[in-house]
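The values are calculated or read from the model by the stated rules, or taken from the named source; none is laboratory data. Everything numeric in this text was worked out from a predicted model, so none of it was measured. We place every Cβ from the backbone using ideal geometry, glycine too, and count neighbours over all the protein chains shown.
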Amino acid sequence: MPDRAQLPLALVEAAVGVVLVLAVGTAFAFGVPTPASEPTQLDAYADDAATVLASEPPRHAGTTRLAEVARSEAAFEREAAALVRRTDRILPANLLYRVETPHGSVGYPVPAGVAVGERTVATGYGPVTIRVWYA
Amino acid sequence: MRGQVNLPALAVALLVVTTTAGLAFALADDAFASATRDTDAASATMLSERLVSERSPLTSRANVVNRSVVADFDADALTRSFPVSTDAAVRIRLDDQPVAERGDPTGGTTVERVVLLERQEPATLEPTLATNRVTLPRRTEAATLRLDPPNGTTVSTVRANGRIVLHDPGGLDGAYGLDLSRYATITLSFDADGPLREGDATVTYRASETTKALLEVTVDA
């Protein structure tokens, strides 16, 4: 009798139901990865450094310090060392940073695979991006 | 015969589905319970964000904390300005010095912000006025100009970087407040019908000195 070999229909339905319920359940089990607190703190550092630099008066001419370094190649060459000193001074000692301007970058190369806080400030001469990470 | 076999199968099927559903509910409950646990980090981040923003009672502009205001800040002022944090223990420290503390946070989350501590002191400039112009050595948002031209000389107009800030055809004499820009170096020029000498104009402005500091905000709900 071919009938005897068949699985009871109720069990087949139950199996399908279990698959469906578990499919929804796994979404809760794994969940959405919550952002760790480290990037938040790093973003705060990047935000603060950008805000401070962007509202500081320049050393020579221009509206702010960041606008001054973004202004021209020559201005960047002249101000790069001072920008490094100032950024060093502002950020806590356990952080490394990189500041990218339209005319070049100062700071350290960004390593791969670490959490990085980032903030971009628009100046009149192009965007300036500040990245910070834990040393 | 087949009809009787289906009855225990149905019972087993119901049992399996009910167990699985219960398991899924437990998982969902756990997920929701752990999701609401992270409020400390969120409120610490938010509170620190508001403390350093330009509208904060502590700052004179974004990320620049006024030194004298911070000395008067306490737990009451914190509750008044940021009522959102009333049911949590909060501690605010500036460069390891306590600023305000409510409750006794034992753990919680700490967020560090980099700020500048500003001290403002009035500075006075008495230009020689050899060319009827004076460039302020520091950038400032506001300045007071005191004009005292010699008899017979009329100062009709004062310009800041070419923009007319004071004008009186009958002659300017006395103290005037000037609204200036922090984003430009200001040169004041005077239109006078006679020579001006040192002491005829005095500029008083607020020179700010800033030092770097770390603002720590701890929230423990």
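Looking only at the stretch B:88-100, decide whether some residue is among the small types (Gly, Ala, Ser) and either facing another protein chain (nearest Cβ under 9 Å) or loosely packed, with under 14 Cβ neighbours inside 10 Å (or both). Looking for residues that are among the small types (Gly, Ala, Ser) and either facing another protein chain (nearest Cβ under 9 Å) or loosely packed, with under 14 Cβ neighbours inside 10 Å (or both), one finds none in the stretch B:88-100, hence no.
For the stretch A:108-128, the count of residues that are without any contact (Cβ under 8 Å) to a residue 60 or more places away in the chain, outside any loop (DSSP other than H, G, I, E, B) and surrounded by 15 or more Cβ atoms within 10 Å (Cβ to Cβ) is zero.
Per-residue answers, yes or no, for (1) under 24 Å from residue A:58 (Cα atoms); (2) over 19 Å from the mean Cα position of the chain (by Cα); (3) not in a strand (DSSP E or B):
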residue	(1), (2), (3)
B:118	yes, no, no
B:130	no, yes, yes
B:140	yes, no, yes
B:146	no, yes, no
B:166	no, yes, no
B:197	no, yes, yes
B:214	yes, no, no
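No other residue among A:46, A:82, A:29 is out of contact with any strand residue (DSSP E or B) (no Cβ under 7 Å at 6 or more places or on another chain) and either at positive phi or at pLDDT 90 or above (or both) apart from A:82. The residues of the stretch B:27-52 that are more than 9 Å from every other protein chain (Cβ to nearest Cβ) and more than 20 Å from the chain's Cα centre (by Cα), listed by number, are B:33, B:36, B:37, B:39, B:40. The one condition from (1) away from chain A (no Cβ under 14 Å); (2) more than 29 Å from residue A:123 (Cβ to Cβ) that residue B:216 does not meet is (1).
Just one of the listed residues (B:113, B:139) is over 17 Å from residue B:48 (Cβ atoms), surrounded by 18 or more Cβ atoms within 10 Å (Cβ to Cβ), within 14 Å of another protein chain (Cβ to nearest Cβ) and basic (Lys, Arg), and it is B:139. For residue B:9, the conditions (1) over 16 Å from residue B:217 (Cα atoms); (2) more than 7 Å from chain A (Cβ to nearest Cβ); (3) in contact with a helix residue (DSSP H, G or I) (Cβ under 8 Å, 6 or more places away or on another chain); (4) surrounded by 15 or more Cβ atoms within 10 Å (Cβ to Cβ) all hold with the exception of (2).
Residues that are more than 14 Å from chain B (Cβ to nearest Cβ) and either in contact with a Pro (Cβ under 6 Å, 6 or more places away or on another chain) or surrounded by fewer than 13 Cβ atoms within 10 Å (Cβ to Cβ) (or both) are absent from the stretch A:88-101. Among residues that are at pLDDT 85 or above, more than 8 Å from every other protein chain (Cβ to nearest Cβ) and either farther than 30 Å from residue B:217 by Cα or surrounded by 15 or more Cβ atoms within 10 Å (Cβ to Cβ) (or both), residue B:59 is included.
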